[in-house]
1. What per residue convex hull volume, in Å³, do the alpha-carbon atoms of the range 199-262 yield?
2. Fully extended, how many nm does the chain gain between Ala79 and Ser311 (0.36 nm per residue separation, minus their Cα-Cα distance)?
3. Check Val136: other-chain or 5+ apart residues with amide H under 5 Å from its amide H, H built from backbone geometry?
4. Checking the table Lys135/Lys237; Lys125/Lys178; Lys5/Lys237; Lys135/Lys172 against a 19 Å threshold on Cα-Cα, which pairs fail?
5. Most fluctuating residue of Ala132, Ala257, Ala59 in a GNM of the chain with Cα springs under 10 Å: which is it?
6. Report in % the part of the accessible area of the range 237-324 that belongs to carbon and sulfur, leaving out ligands and nucleic acids; probe 1.4 Å.
7. Give the accessible area for Lys135 in Å² (nearest 10); use a 1.4 Å probe, count only protein heavy atoms, and leave out ligands, DNA and RNA.
8. Need one number for the chain: average projected area of the convex hull over its C-alpha atoms, nm².
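The values are calculated or read from the model by the stated rules, or taken from the named source; none is laboratory data. On a predicted model such as this, the values are computed, not experimentally measured, just so you know. Counting neighbours? That spans all protein chains shown, and the Cβs are built from the backbone with ideal geometry, glycine included. Areas reflect the complete protein model, heavy atoms only, side chains present, ligands, DNA and RNA absent. Shrake-Rupley method; radii C 1.70, N 1.55, O 1.52, S 1.80 Å.
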Amino acid sequence: MRSAKLYQYQLPMDSGVILRNQRLVTREGWIVELRDGEAVGFGEVAPLPEFSQETAEQAGQQAQQLLNAWVNGEALDYATALPSVAFGLSMAELELAGGLPAEGNYQVAPLCAGDPDDLVEELSKMSGDKIAKIKVGMYEAVRDGMVANMFIEAIPEIRLRLDANRKWTPLKAQQFAKYVKPEHRAGIAFLEEPCKTPADSLAFAAETGINIAWDETVRDEGFEVKAEPGVVAIVIKPTLVGSVQRCMELVEQAHDAKLTAVISSSMESSLGLNQLARFAAWQTPGVIPGLDTMQLFRAQLETPWPNCDLSVTGLSELEVVWQK
Ligand SMILES: O=C(O)CCC(=O)c1ccccc1C(=O)O
Ligand SMILES: [Mg+2]
């Protein structure tokens, strides 16, 4: 006997969260609940404004249609579904089937949002791999170069992940690289999407010896995972990419091409983020995922994130907008 529910959630965000061109005051999305006999599975459907093509409204409507089909015993075609819907429903089906291992990778690459000195202190206290993520491309490229250099000099064993989100022209990217001494460039694990085009990013990697990673490019029409000089990783954001099966296919292709696959957040609530930590532990063992986004919220949803003391809203407190 199958049954399903669709919950709607709204969670307050920290005041400083800006997505490309807009402030994100409230994170909105849907939680799907699938039941079959005693088994239950949850999934989060939460398009990210400015990043997803679909709106929350559209995703909610499609989620209802597919939930209805699922309750009627139909198999769901995730290839034609909206990415956020495909991700949430396929994750719920996987959890229902007992296919998502319980153990998660909750190690995070701390995200440097504010004062670099605070992060240096946090890292020096960290045991194990010292990986940090810094957003670059927001201010002067020269300043970004000096910050990266400062981290590598302060913590020689650091592995920095930098993310320029395609903000630089080739000239700006060069200005950045100039400040990172050649002997320090190995301290950069990778720089995500330095330039506006993949071709410029590849040229940057070749000219500077700084390794790069694809994030936005993974979602470009016609993208294929392949080994390319200077490319060491691909970032997979399941909410933007699609079903669990599609994500697993990308992970496998990355590993075949000797690339690192990094499972990363699209600012899911703590419910979805926990599932991503479990998915990452299972599919990308030994790789620290990009999931340090709980700090951007002011509340959690249903499943608490380890060591996070934000209040937790239970699913039972949410409005059920559809059930069957
Ligand atoms: O990837 C990470 O490490 C954290 C998540 C992150 O950076 C991100 C989260 C939501 C939208 C865009 C981005 C981004 O990669 O710029
Ligand atoms: Mg990125």
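1. Here the figure is 75 Å³ per residue.
2. Result for the pair: 79.9 nm of gain on full extension.
3. Excluding prolines and chain starts, which carry no amide H, the hits are Asp163, Ala164.
4. Lys125/Lys178; Lys5/Lys237
5. Between Ala132, Ala257, Ala59, it is Ala257 that shows the largest mean-square fluctuation.
6. It is 46 percent, rounded to a whole number.
7. Its accessible surface works out to 70 Å², give or take rounding.
8. 15.9 nm²
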